[in-house]
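Novice: There's a structure below that I have some questions on.
The values are calculated or read from the model by the stated rules, or taken from the named source; none is laboratory data. The model shown is predicted, which means the values in this text are computed figures rather than measured ones. Note that each Cβ is placed from the backbone with ideal geometry, even for glycine, and that neighbours are counted across all protein chains shown. Quick note on the areas: whole protein, heavy atoms, side chains included, nothing else; ligands and nucleic acids left out. Shrake-Rupley method; radii C 1.70, N 1.55, O 1.52, S 1.80 Å.
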Amino acid sequence: MTGSLPHQSGPPDEPAHDAEDRRHRNRRRALTLLIIVLLIGVPAGYLAISAEQSRDSGKDKEARYSARGLTEDWPSKVQRRLYQVPVPHPSGKVAYYETNNWRTSRLYVQFQTPNANLDEFLRNMGTDRTALQRDDITIGARDQRITGWDFSGPGPWYGLVHEQDKPAPTQDVVVNMSEPNNPFVYVVSRTVP
């Protein structure tokens, strides 16, 4: 048999707590919900935005590096230094294309430059105009196919191969002198990692 226990009252010096009214309870719950949303929602939203931006950046890079053929622009300074292709200033109709694989990396560059700059270009590359051989197309069919270069037009055409000790790159150069004051230069610089 269980008896009922007497009800004890609180200590006499402590004020009695009023029951929480509905308005106060709803305000407390709304504040708790807001805090939870801010603690979870804001970082989750930031993470989603960051992931989307990162994915878009990767797509841009993929599109840039999967492009086939020449890009009408100057190769970067790093590319010019790495492949030792010192495109002189001023030069026009500059375009380039880079390929990389586990055996060989290649930089294809074309530009048109004033006649005096041709000497500067060859000197900065480590050779000179005397190395150019008339009617010597030193850029092979494979490289011509990749770039779309056609060396059958009006000339005269001159070419040279500038070989260097590894790891320095080897450059194949073809020069079209159909405009003697503004020769058109084609370069394939290849390096073996």
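Novice: Among all residue pairs at least 6 apart or on different chains, which show Cβ distances below 8 Å where the first residue, located in region 141-160, is farther than 12 Å from residue 184 by Cβ and among the β-branched types (Val, Ile, Thr) and the second is open to solvent by 40 Å² or more (accessible area, probe 1.4 Å) and in a loop (DSSP other than H, G, I, E, B)?
Specialist: 147/70
Novice: What's the number of the condition residue 111 fails, among (1) touching an Asp or Glu at 6+ places or on another chain (Cβ under 8 Å); (2) modelled with pLDDT of 90 or more?
Specialist: (1)
Novice: Six or more apart or on different chains, Cβ under 7 Å: which pairs go from a residue in region 70-95 that's within 23 Å of residue 163 (Cβ to Cβ) and in a loop (DSSP other than H, G, I, E, B) to one that's modelled with pLDDT of 90 or more and of a type in the set (Ser, Thr, Tyr)? Could you list them?
Specialist: That search, which allows pairs on different chains as well, returns 75/96; 83/189; 84/189; 85/189; 88/113.
Novice: Same structure again: The conditions are (1) modelled with pLDDT under 90; (2) within 16 Å of residue 171 (Cα to Cα), and residue 116 fails exactly one of them. Which is it?
Specialist: Condition not satisfied by residue 116: (2).
Novice: Quick test of your reading of the structure: residue 90 fulfils all but one of (1) farther than 15 Å from residue 191 by Cβ; (2) at pLDDT 90 or above. Name the failing condition by number.
Specialist: (2)
Novice: Restricting attention to region 81-101, which residues are within 16 Å of residue 147 (Cβ to Cβ) and open to solvent by 70 Å² or more (accessible area, probe 1.4 Å)? Explain how you work it out, then say what you get.
Specialist: First, the residues of region 81-101 that are within 16 Å of residue 147 (Cβ to Cβ): 83, 85, 87, 93-100.
Listed by number, the residues that qualify are 93, 100.
Novice: Could you grab me the full set of residues in region 19-65 that are under 34 Å from the mean Cα position of the chain (by Cα) and either of a type in the set (Val, Ile, Thr) or modelled with pLDDT of 90 or more (or both)?
Specialist: Of all residues in region 19-65, those under 34 Å from the mean Cα position of the chain (by Cα) come to 41-65.
Selection gives 42, 49.
Novice: Can you name the number of the only condition in (1) out of contact with any helix residue (DSSP H, G or I) (no Cβ under 8 Å at 6 or more places or on another chain); (2) over 13 Å from residue 85 (Cβ atoms) that residue 170 fails?
Specialist: With respect to (1) out of contact with any helix residue (DSSP H, G or I) (no Cβ under 8 Å at 6 or more places or on another chain); (2) over 13 Å from residue 85 (Cβ atoms), residue 170 is out only on (2).
Novice: Could you list, in sequence order, the residues of region 102-121 that are free of Cβ contacts under 8 Å to residues at least 40 places away in the same chain and buried (at least 17 other Cβ atoms within 10 Å of the Cβ)?
Specialist: Passing the criteria: only 117.
Novice: Quickly run through region 94-108 and pick out the residues that are modelled with pLDDT of 90 or more and among the aromatic types (Phe, Trp, Tyr).
Specialist: 96, 97, 108
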